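K.L.:
Structure provided below as structure tokens; questions to follow.
The values are calculated or read from the model by the stated rules, or taken from the named source; none is laboratory data. Quick caveat, the model's predicted, so the values are computed rather than measured. When we count neighbours, we look across all protein chains shown, and the Cβ atoms used for this are built from the backbone with ideal geometry, even at glycine. Accessible surface areas use protein heavy atoms only, side chains included; no ligands, DNA or RNA. Shrake-Rupley method; radii C 1.70, N 1.55, O 1.52, S 1.80 Å.
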Amino acid sequence: MRCKFCGANEKLVKAHIIPRSLYGFPNEPGYAPFLIITNVKGHFKSKSPNGIYDSALVCKGCEELFNEGDKYAYKVFVKQRDLWRKVLRHGLAIHIPPADFDYRKFKLFILSLLWRASETSQPFFGKIKLEQHTPIIRKMIAEGSIGSPDDYSINLAVFDSRMSKSMLLDPDRTRFSGINYVRFYLAGFMVVVKVDKRRAPSPLRELQASPEAGLIAVIRDFQNSKELSVLRKVANH
């Protein structure tokens, strides 16, 4: 079959769209299969020990291009949560300082996540079709290019509840001040990525990830969030 990344006719592999590592492993203490939540008709909710993968996406060689970024995402979101410091904005945000943050690896992870979500045929990612952005992102990944912090800029929020870490909501498209973004939910974090040539609006631009600023995540109240409201509605199906 044809690899969607390199175009070669190669044997394709079972490739996760969101790295499996972000939701833990069965041999870890306290592990439980995470709950996949979506408003896609016929797919409202399910428990999964393996995550969401696509066996018709990439060959082994191309999937290996994602490994460096995926491993770093696991470090940031799961393995080394002690990297985060609750020191910014009067305790309303957490922060990985620039000295402890590898912007290049993190940006490559975000780019590969965008590409995978856009190119997969899995219904869970059906809202993420990036059209003219897809070949640009593919080229950046292939060349190891990350552009500037304004290119596909990244903002994070983190929920203040452990419950959110075991739930995987489907990604979607959104806008802030008319600027286009994609929104992902990863291991208790909400990640928004700009898919627009225009600069991010304030205050998103001031809080976006960069080598100079490090990585900032604004703390959100999960109990009063619209995400919990969505979960409750879906739970009734």
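K.L.:
Across the range 65-136, how many lysine pairs, 8 or more positions apart or on different chains, have C-alpha atoms separated by under 24 Å? Please give the number.
P.N.:
Eligible lysine pairs with Cα atoms under 24 Å apart amount to 14.
K.L.:
Need the full-extension length gain, Leu92 to Glu68, defined as separation in residues times 0.36 nm minus the C-alpha distance. One decimal, nm.
P.N.:
Additional length available on full extension: 5.6 nm.
K.L.:
Another question, then. Taking the Cα centre of the range 68-149 as origin, work out the dipole magnitude from +1 charges on Lys and Arg Cβ and -1 charges on Asp and Glu Cβ, in debye rounded to 20.
P.N.:
Dipole magnitude for the range 68-149 comes out near 240 debye.
K.L.:
Could you compute how much accessible surface Trp84 exposes when probed at 1.4 Å, giving the result in Å² to the nearest 10?
P.N.:
Looks like 20 Å² after rounding.
K.L.:
Peptides 14-20, 208-214, 184-190: what's the order by average Cβ count within 10 Å, highest mean first? Write out the running numbers ahead of the final one.
P.N.:
Working: 14-20: 19.6, 208-214: 17.1, 184-190: 21.1.
The densest-packed peptide leads the list: 184-190, 14-20, 208-214.
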